[in-house]
Structure formats: structure tokens, C-alpha cells
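The values are calculated or read from the model by the stated rules, or taken from the named source; none is laboratory data. Here the structure is a predicted model, which is why all the values come from computation and not from measurement. Note: ideal-geometry Cβ built from the backbone for every residue, glycine included; neighbour counts use all protein chains shown. Just the protein is used for accessible areas: all its heavy atoms, side chains included, with ligands, DNA and RNA removed. Shrake-Rupley method; radii C 1.70, N 1.55, O 1.52, S 1.80 Å.
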2 protein chains.
Amino acid sequence: MTTNTPWLDRRQLRAWIRLRAMLELLPGTLDTQLRHDVDLTEFEYTALAMLSEAPGRTMRMTGLAQRTNATLPRLSHVVARLEKRGLVERFPCPENRRATNARLTEAGWAKVLQAAPGHVATVRRHVIDVLTDEQLDQLTAIGDAVLASLDPSGKGAVFYTHYDDEQTGPAS
Amino acid sequence: MTTNTPWLDRRQLRAWIRLRAMLELLPGTLDTQLRHDVDLTEFEYTALAMLSEAPGRTMRMTGLAQRTNATLPRLSHVVARLEKRGLVERFPCPENRRATNARLTEAGWAKVLQAAPGHVATVRRHVIDVLTDEQLDQLTAIGDAVLASLDPSGKGAVFYTHYDDEQTGPAS
DNA sequence: CCGGAATGGTTGTAGCTACAAGTTTGCTGG
DNA sequence: CCAGCAAACTTGTAGCTACAACCATTCCGG
């Protein structure tokens, strides 16, 4: 820890500058579109979307937090707000009395249906449609490497790899 | 705008999920390290670092905002806080009386020196060192494509391409 | 040379996130 | 069977960002 940290060479710096710029600019762009069109944050949308795909449109808070890459306090606040807006409802989990389930309401489902097309269009416009199929796969590989370093336990990976290939069994 | 937005296929979804996860997790990781070690945000660090590389360690607010991918209001607030901490000082720009210059103080310079190694180490650990040289170049290309779609005017590109190749002249 | 638009900034405020505590329920060893 | 620790949340609060408003300069056409 006494230093000896090599500086970044030009190639590395070049890549890092792009990544940092994306990190700074993309969230704002996505948020702006969603807020303007349907009054949702990208994070709120993601939470609702995850619920909409879950069996019974219901998930436990912890599970939802993992899928949305959020901390539990953050999710708790967000769900509380969504509940006030009538898009989600919470109820104690039957099997585990310290757990809480979040369920998408009908209004929440309608909201997802309303929000999805615009959001997908934005993601397409700024990300998907400007990349080649090859680049999409490269991005996937890069993401896997980076995310593995961020989450060595690999808890999140369960979800990342969920869409990789339906045939393959769970990660060994 | 009447819909007709194709949904994402598996390959596209796969890549997008990784990118979204990075968008969500990376900033927090970088912020946490910097805040813990030197009480700085990644954004604050970037601002200070940009100033430290500028001639006279001085930049106009607008220019600094562009390099840090920030809006002017945001930068204004941040610089105000940095000024209170004695890391930066502001003074009216001589050539343009409506403009403001921000200059790194000695304390600010010391702060950058103190912060840089740890931050670079973190960036290395989670990004640079987990990718191959090939992947770094791929990331650069992907970043260029995405950023171009976010900023069609290409104002930011001036900076992105600054490190690409010292030999090449300014973009045509 | 003057009225309006554009440039360059600052400030106020609402809303979201991170961090730190606190609470309840479940688990485990002795 | 119970002490203590862990799991699963919720809540309080400080701090940062976005958005909107505002003010001061500068530029530009007629």
C-alpha cells in the first residue's frame, strides 16, 4: 500500500475517459426522458419493471434490491414513495415475518406499459442502435469483468447471466 | 412516435443489463474510496485534477464544466464548496467580465497529490486491470459511439479525443 | 447606438441517495 | 431454552444534483 501505483498510459486513459463520461452523462439522459414522459426515475422504472416480470408481480425487498443494484435503505425509500403513488403495495412476507414483499398494483402495471416504449427507444437511440452486434458482445464481456471485480462474491452475477443462454444450467 | 419500437433481443438485453449495472455500481465504489481516504467526491476529484493539468492551474467555469461533463449550476455549487475548503479560489476573468476563473490553490494541489494514487489504484483494480488491451480499445470505440449519440454537437469530443494520438492535428 | 437575444454565472429549493441507527424476527450453540 | 448474533427492514438526516429563476455582461442587427 506504500504506493507503487503505475500511472495510466495513453491507451488506458483513453478508455477510462470514455467510461467516466458515460457514467456521468447516461444516467441523466435516461432520467430526463423518463421524468419528462412518465414522471419516473430510471431507478424507479427499473424497480417497477423487475416487479412486472416476477411471478405474481411480487418480490421480496432484498431480492429486488439485488436486481436493481441498490442498497436496502435506498430501495426502502423508493418503494415507500412508489407506494404513496399507488404503483406498488407492500405486505409482510408469510414465510418470513421479518421480510417484506413488494407487489406491483394494477396502476403500477399500467405505468410500466406506458413507460416502456419510450424508455426502450431512448436506450436504443443512445446505446443499442449505435453499436454493432460485435460491440454489444464486447460490452457484455467488459461488463462481466468489471462487475466481477466490484462484486467478488458474485451474488449479482446470478442475474447478469440469467439472459445469457436459456439452455445452459446455473453457473458452475 | 406511435410506438413501433422493437423490443430488445437477448444479445442486446444482455449488454444493456451489464452497462446499467456498471452505471449503478461504479460511481458509488469510486466515491466511497475517495470520500473515505481524502474526503472528496469523484466529481470533486475530477474537477481538481482538471484544474491541476490546466495552464496556470486555472480554468473558466464553462470550460471546466465541459471537461467534467457537468452542468454549470452543478459546477458552481461544487466549486463554491471547494472554495470554502480552501482548495480552489475564484476570481473574475480579465478578458470577459461576465466570466469567472477557478484556480487551484496550493492546498488544492496538495490534495490532488494526496488523492491521486489511491484513486488510480481503485480505477485500476475495478476497470483497467481486469480488461485486456484489446478490450480497452473496444471500450474506447464503444464510448465514442455512445457519447456521440448523447452529444451530437460533438463539443465534448474535443476532450475525449485529446489523448488519442499526439501526432494527429485537431479534428477536421 | 440602442433594443433584444445570447453568453456566463449564481442562487434557491425540491428531491434523491448514502450513511448511521434502531427494530423486529430468526437462527445457533451451549 | 435462552443468550447472542445475523438477517431483513425502516427511519432520520446530511449532502449532492437537477431545475428553474435570476442577474450581469456582451454581441448583433437595423
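Just checking, does region A:130-146 include any residue being among the aliphatic types (A, V, I, L, M), within 19 Å of the chain's Cα centre (by Cα) and within 15 Å of DNA strand C (Cβ to nearest atom)? For region A:130-146, residues among the aliphatic types (A, V, I, L, M), within 19 Å of the chain's Cα centre (by Cα) and within 15 Å of DNA strand C (Cβ to nearest atom): absent.
Scan region A:74-95 and give yes if some residue there is within 11 Å of another protein chain (Cβ to nearest Cβ) and either within 30 Å of B:Ile142 (Cβ to Cβ) or more than 9 Å from DNA strand C (Cβ to nearest atom) (or both), otherwise no.
In the first step, residues of region A:74-95 are kept if they are within 11 Å of another protein chain (Cβ to nearest Cβ); the result is A:74.
Those still in the list that are either within 30 Å of B:Ile142 (Cβ to Cβ) or more than 9 Å from DNA strand C (Cβ to nearest atom) (or both) too: A:74.
Scanning region A:74-95, I find at least one residue that is within 11 Å of another protein chain (Cβ to nearest Cβ) and either within 30 Å of B:Ile142 (Cβ to Cβ) or more than 9 Å from DNA strand C (Cβ to nearest atom) (or both), so the answer is yes.
What about A:Leu51, is it near DNA strand C (Cβ under 9 Å from one of its atoms), surrounded by 21 or more Cβ atoms within 10 Å (Cβ to Cβ) and more than 21 Å from B:Asp31 (Cα to Cα)? Quick ask: steps written out before the conclusion?
Details: near DNA strand C (Cβ under 9 Å from one of its atoms): no; surrounded by 21 or more Cβ atoms within 10 Å (Cβ to Cβ): yes; more than 21 Å from B:Asp31 (Cα to Cα): yes.
No; evaluated as a whole, the condition is false for this residue.
Per-residue answers, yes or no, for (1) in contact with a strand residue (DSSP E or B) (Cβ under 7 Å, 6 or more places away or on another chain); (2) at positive phi; (3) away from every other protein chain (no Cβ under 13 Å); (4) in contact (Cβ under 8 Å) with a residue 40 or more places away in the chain:
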site	(1), (2), (3), (4)
B:Met59	yes, no, yes, yes
B:Leu104	yes, no, yes, yes
B:Trp109	no, no, yes, yes
B:Leu131	no, no, no, no
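Out of region B:54-66, which residues are of a type outside the set (D, E, K, R), open to solvent by 60 Å² or more (accessible area, probe 1.4 Å) and within 11 Å of DNA strand C (Cβ to nearest atom)? Result: B:Thr62, B:Gln66.
Considering the conditions (1) under 14 Å from the mean Cα position of the chain (by Cα); (2) surrounded by 17 or more Cβ atoms within 10 Å (Cβ to Cβ), A:Leu19 is excluded by exactly one of them, (1). Screening A:Asp39 with (1) open to solvent by 30 Å² or more (accessible area, probe 1.4 Å); (2) on the phi < 0 side of the Ramachandran plot gives one miss only, at (2). Within region B:81-109, take every residue that is within 10 Å of DNA strand D (Cβ to nearest atom) and open to solvent by less than 30 Å² (accessible area, probe 1.4 Å) and give me the one that is nearest to the chain's Cα centre (by Cα). Among those residues, the one meeting the criterion is B:Leu82.
Among the residues making up region A:54-69, those that are assigned to a loop (DSSP other than H, G, I, E, B) and more than 11 Å from A:Asn101 (Cβ to Cβ) are A:Thr68, A:Asn69. Residues of region A:44-73 that are hydrophobic (A, V, I, L, M, F, W, C) and over 15 Å from A:Gly108 (Cβ atoms): A:Met61, A:Ala65, A:Ala70, A:Leu72. Looking across region B:1-57 at every residue that is at the interface with another protein chain (Cβ under 7 Å from one of its Cβ atoms) and under 30 Å from B:Leu113 (Cα atoms), the one that is nearest to DNA strand D (Cβ to nearest atom) is identified as B:Pro27.
Taken together, the residues in region A:67-77 that are more than 9 Å from DNA strand D (Cβ to nearest atom), open to solvent by 10 Å² or more (accessible area, probe 1.4 Å) and not small (Gly, Ala, Ser) amount to 2.
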